[in-house]
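The values are calculated or read from the model by the stated rules, or taken from the named source; none is laboratory data. It should be emphasised that the depicted structure is a prediction, and the values quoted were computed from it without experimental measurement. Heads up, the Cβs are rebuilt from the backbone with ideal geometry, glycines too, and the neighbour counts pull from every protein chain shown.
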Amino acid sequence: MQTDVIPSTTTPLLVTWPRTSPLASFGEKAGPAPALAAWIRVHLTYWWRHRRRLSIDRPRRFTEFVQRRKLIDRDPRIPLMIDKVGVKPFVANVLGADWVTPTLWSGEILPGQLPFPAPFVVKSRHGCNQCRIVRDTSDDWNAVRSAAAAWMRRPYGLWLDEWGYRDVPRGVLIEPFVGEGPALPIDYKLYVFHGRVEAIQVHVDRETCHRWVIFDRDWRGMSTSADRLDVRPPISLPLMIEGAEALGRGFEFVRVDFYDTGVIPRFGEMTFYPGSGLDPFDPPRLDELLGSHWNRISVD
């Protein structure tokens with residue numbers, strides 16, 4: 001059993017990678033030419049979801065840049081940033097310990113009995129959408145343990161060629177539940193291009209009537225659903241933007257997720273392949289707009 005203990009004192013917000021970090025010297029790394037099988041899979045899945053041909057050599061759309069990253073980008077920082085346990089000390093160092101949800105437990109096999117008073121969250125350290133919420137003692141702990149065991153049996157990301165997950169150690173962690181009451185907190189996903197937040201995807205009612213909407217950094221609606229979904233900007237939005245830009249500096253693109261928990265936002269995760277680049281945007285021109293942000297410095 002492992003636990004990570006994060007000090008309660010918040011350190012000053014940094015706006016660059018820590019100079020002492022071994023990650024600071026790495027840039028975006030291009031790997032060797034992709035294997036033919038991966039190239040075929042990526043092109044076929046893109047056609048299946050978007051009904052158009054994929055341009056890897058001259059990408060224009062955000063979804064195309066994600067496919068290009070899957071095939072070519074082998075930046076050695078990505079696995080550590082994806083690792084839900086390993087990334088926490090980095091985030092605490094850059095933003096401060098109060099931004100980080102502490103890890104109550106981490107390991108490979110969940111304990112046989114409820115290890116902590118509810119509510120708490122069980123999730124995999126090496127994947128996405130692998131999460132169970134334990135709200136009280138009436139929840140089926142054996143079902144949670146069975147789900148976690150299934151996460152451990154299977155590698156994540158291989159079938160969609162998301163290379164970054166390959167080197168993340170498989171594991172399970174337990175965190176305190178973040179939020180007030182039984183409902184899941186609103187999830188704010190900040191799209192950071194070359195160190196600047198350009199879009200914020202907001203997810204609401206994730207367990208009951210899941211909907212999401214996209215705003216720009218000034219909270220102007222970008223997606224079609226923005227006019228139909230009344231979501232007010234959180235009080236901590238300026239801090240979220242500042243924190244996401246500090247964590248995302250040095251990457252062409254990364255999505256940084258936060259929860260609004262009061263004065264200081266709570267870090268969720270860093271994602272390099274949102275939706276595996278297979279989720280359509282509404283309106284479709286938003287795909288090209290976000291792609292132009294990704295491509296901005298590349299053409300300068």
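Run down 198, 207 and say which single residue is crowded, with 17+ Cβ neighbours inside 10 Å, over 19 Å from residue 99 (Cβ atoms) and charged (D, E, K, R). Write out each step before concluding.
Numbers: 207 fails: crowded, with 17+ Cβ neighbours inside 10 Å.
Criteria check complete, one pass: 198.
Given the structure, is residue 122 buried (at least 21 other Cβ atoms within 10 Å of the Cβ) and either touching a helix residue (DSSP H, G or I) at 6+ places or on another chain (Cβ under 8 Å) or in contact (Cβ under 8 Å) with a residue 40 or more places away in the chain (or both)?
Judged against the criteria, residue 122 is a match.
Taking into account only those residues within the stretch 67-119 that are acidic (Asp, Glu) and within 30 Å of residue 137 (Cβ to Cβ), which is surrounded by the fewest Cβ atoms within 10 Å (Cβ to Cβ)?
If we filter the stretch 67-119 for residues that are acidic (Asp, Glu), which is where we start, we get 73, 75, 83, 98, 108.
Retained after the next criterion (residues that are within 30 Å of residue 137 (Cβ to Cβ)): 98, 108.
On the way: 98: 18, 108: 14.
Per the criteria, the residue is 108.
Residue check: is residue 104 at pLDDT 95 or above, assigned to a loop (DSSP other than H, G, I, E, B), more than 30 Å from residue 66 (Cβ to Cβ) and not basic (Lys, Arg)?
Criteria not met by residue 104.
Which members of the stretch 125-143 meet the condition of being more than 15 Å from residue 177 (Cα to Cα) and not in a loop (DSSP other than H, G, I, E, B)?
Within the stretch 125-143, 141, 142, 143 meet the criteria.
Which residues, counting only those in the stretch 253-297, are in contact with a His (Cβ under 7 Å, 6 or more places away or on another chain) and not charged (D, E, K, R)? Break it down into steps so the answer makes sense when it comes.
Restricting attention to the stretch 253-297, the residues satisfying the condition of being in contact with a His (Cβ under 7 Å, 6 or more places away or on another chain) are 280, 296-297.
Within the stretch 253-297, 280, 297 qualify.
Tally the residues that are over 23 Å from residue 211 (Cα atoms) and modelled with pLDDT under 95, restricting the search to the stretch 242-294.
Counting residues in the stretch 242-294 that are over 23 Å from residue 211 (Cα atoms) and modelled with pLDDT under 95 gives 2.
Could you tell me which residue of the stretch 166-191 is modelled with the lowest pLDDT, considering only residues that are touching a helix residue (DSSP H, G or I) at 6+ places or on another chain (Cβ under 6 Å) and not in a strand (DSSP E or B)?
So the residue we want is 167.
Mind checking which residues of the stretch 177-192 are of a type outside the set (Gly, Ala, Ser) and either under 14 Å from the mean Cα position of the chain (by Cα) or within 13 Å of residue 261 (Cα to Cα) (or both)? Even if it seems obvious, please write down each step before you answer.
Initially, the stretch 177-192 is screened for residues of a type outside the set (Gly, Ala, Ser), giving 177-178, 180, 182, 184-192.
Residues satisfying the conditions are 177, 178, 180, 184, 185, 186, 187, 188, 189, 190, 191, 192.
Kindly indicate the residue of the stretch 205-230 that is assigned to a strand (DSSP E or B) and under 16 Å from the mean Cα position of the chain (by Cα) and also farthest from residue 249 (Cα to Cα) among those meeting that condition. Lay out the reasoning, then the answer.
Step one: of the stretch 205-230, the residues assigned to a strand (DSSP E or B) are 211-215, 221.
Narrowing the set further to residues that are under 16 Å from the mean Cα position of the chain (by Cα) leaves 212, 214.
Numbers: 212: 26, 214: 22 Å.
Result: 212.
Considering each of 229, 286 in turn, give the residue that is surrounded by fewer than 16 Cβ atoms within 10 Å (Cβ to Cβ), more than 26 Å from residue 83 (Cα to Cα) and among the hydrophobic types (A, V, I, L, M, F, W, C).
229
Looking only at the stretch 52-97, how many residues end up being closer than 14 Å to residue 251 by Cβ and in a loop (DSSP other than H, G, I, E, B)?
Residues meeting the conditions: 4.
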